[in-house]
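See structure below.
The values are calculated or read from the model by the stated rules, or taken from the named source; none is laboratory data. Everything numeric in this text was worked out from a predicted model, so none of it was measured. Don't worry about glycine lacking a Cβ; one is built from the backbone with ideal geometry, like all the others, and counts go over all protein chains shown.
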Amino acid sequence: MFVPAQTWLASAAGFAGFDTTKPGFMFLPEGADFFLLAALVAFSGYGGAGNITLTNWARDKGYGMAQHAGYIPAAVGGHKVNLAHSGFIFTPDAGAMQRWRGWWRIIRADQWGVFFIGAILGMVLPALLYVTFIPPGSDIRGLGIAAALAYNAGAQAGPMIAGAIAFLGAWILFKTQLDNMEGLVRAVADMLWTGSRRVRSWRGGDVRAVYYAVLGAVVIWGMIALRLAQPIVLLQLGANVAGFIFIVASLHLLYLNTRLLPRELRPPIWRRALLVVMALFYGFFFVMSVRAFI
């Protein structure tokens with residue numbers, strides 16, 4: 001309703017690196033702020049990494065091999081559960097492999113049909129609104145960053161549209177940060193639980209003590225950090241650290257999948273190659289962001 005046809009065309013061409021205003025291919029914008037650009041790249045890529053932490057939902061429900069692992073119970077109304085500190089691998093016989101392929105069909109449908117298409121739309125649709133309603137070159141990195149789009153849209157499209165955008169923007173930001181915090185806390189709690197016998201014996205081996213202690217520490221630190229810098233600065237710092245983690249995680253995942261899994265379950269060569277490409281991709285942006293920061 002509000003985005004011109006040429007802007008839609010430019011966004012579609014942009015996925016291939018083609019600039020319709022020049023015209024010509026331009027894969028990196030001229031004079032780019034690489035500390036900001038690398039943060040964008042890492043934060044966008046976190047969707048894929050976030051899916052890994054969301055598999056805890058399958059563990060909590062006891063799906064597949066998770067029925068042997070246990071889960072992290074709720075703080076209120078939950079009860080002590082014995083959470084395993086190591087994984088389980090099934091014997092890759094004919095019946096198990098048939099079930100494994102069934103799981104893969106579900107995962108492919110989720111990753112390609114839901115996450116990939118959703119990620120593309122999630123990136124392009126807000127971008128279309130921003131470039132339509134906010135003049136090029138505007139600096140919106142202050143405390144009003146979440147309200148900038150709603151304010152400018154309201155001036156052109158009316159208060160109803162502004163209210164809808166403000167509500168959706170606040171909800172998306174809240175939900176994203178909630179997921180990020182949950183993923184961080186679970187990852188730290190799992191590492192502590194897996195790597196330390198002393199932690200596993202704390203409070204009688206109740207994993208809730210570990211998880212909710214980490215959660216409390218993260219919440220307290222978040223309230224302190226918000227008083228130290230603008231939210232956009234904290235976001236860029238966190239995302240650039242995540243970019244470095246992507247480098248390590250890609251190679252770490254490659255090692256685990258090719259060393260610990262049975263041969264029948266190891267990924268094909270093209271998946272292994274993509275993990276190396278991913279490490280190089282994030283490595284480039286991490287190096288450029290460090291140079292820009294220094």
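Here are a few things to note about the model shown:
- Taken over region 273-294, the residue count meeting the criterion of being touching a helix residue (DSSP H, G or I) at 6+ places or on another chain (Cβ under 6 Å) and farther than 17 Å from Leu237 by Cα is 3.
- Flag for Arg208 being within 27 Å of Asn82 (Cβ to Cβ), part of a helix (DSSP H, G or I) and more than 26 Å from the chain's Cα centre (by Cα): no
- Count of region 58-83 residues which are more than 23 Å from the chain's Cα centre (by Cα), of a type outside the set (Lys, Arg) and surrounded by 13 or more Cβ atoms within 10 Å (Cβ to Cβ): 8
- Checking Phe90 against (1) in a loop (DSSP other than H, G, I, E, B); (2) surrounded by 14 or more Cβ atoms within 10 Å (Cβ to Cβ); (3) without any contact (Cβ under 8 Å) to a residue 24 or more places away in the chain, the condition it does not meet: (3)
- Going through (1) more than 24 Å from Phe43 (Cα to Cα); (2) surrounded by fewer than 15 Cβ atoms within 10 Å (Cβ to Cβ) one by one, Val241 falls short only on (1).
- Meets criteria (assigned to a helix (DSSP H, G or I), touching a residue at least 12 places away in the same chain (Cβ under 8 Å) and either surrounded by fewer than 14 Cβ atoms within 10 Å (Cβ to Cβ) or among the basic types (Lys, Arg) (or both)) for Gln177: no
- Check on Phe2, closer than 30 Å to Leu192 by Cα, of a type outside the set (Gly, Ala, Ser), out of contact with any Leu (no Cβ under 7 Å at 6 or more places or on another chain) and not in a helix (DSSP H, G or I): no
- For Met181: the one exception among (1) modelled with pLDDT under 90; (2) more than 23 Å from Val41 (Cα to Cα); (3) aliphatic (A, V, I, L, M): (2)
- Region 5-35 - residue that is of a type in the set (Asp, Glu) and either in a strand (DSSP E or B) or surrounded by 11 or more Cβ atoms within 10 Å (Cβ to Cβ) (or both) and, of those, nearest to the chain's Cα centre (by Cα): Asp33
- When region 187-204 is filtered for residues that are surrounded by 15 or more Cβ atoms within 10 Å (Cβ to Cβ) and small (Gly, Ala, Ser), the ones remaining, listed by number, are Ala187, Ala189.
- Within region 139-167, being under 23 Å from Gln236 (Cβ atoms) and of a type outside the set (D, E, K, R) holds for Ile140, Gly142, Leu143, Gly144, Ile145, Ala146, Ala147, Ala148, Leu149, Ala150, Tyr151, Asn152.
- Residue in region 157-177 that is at pLDDT 85 or above and closer than 14 Å to Leu215 by Cα present: no
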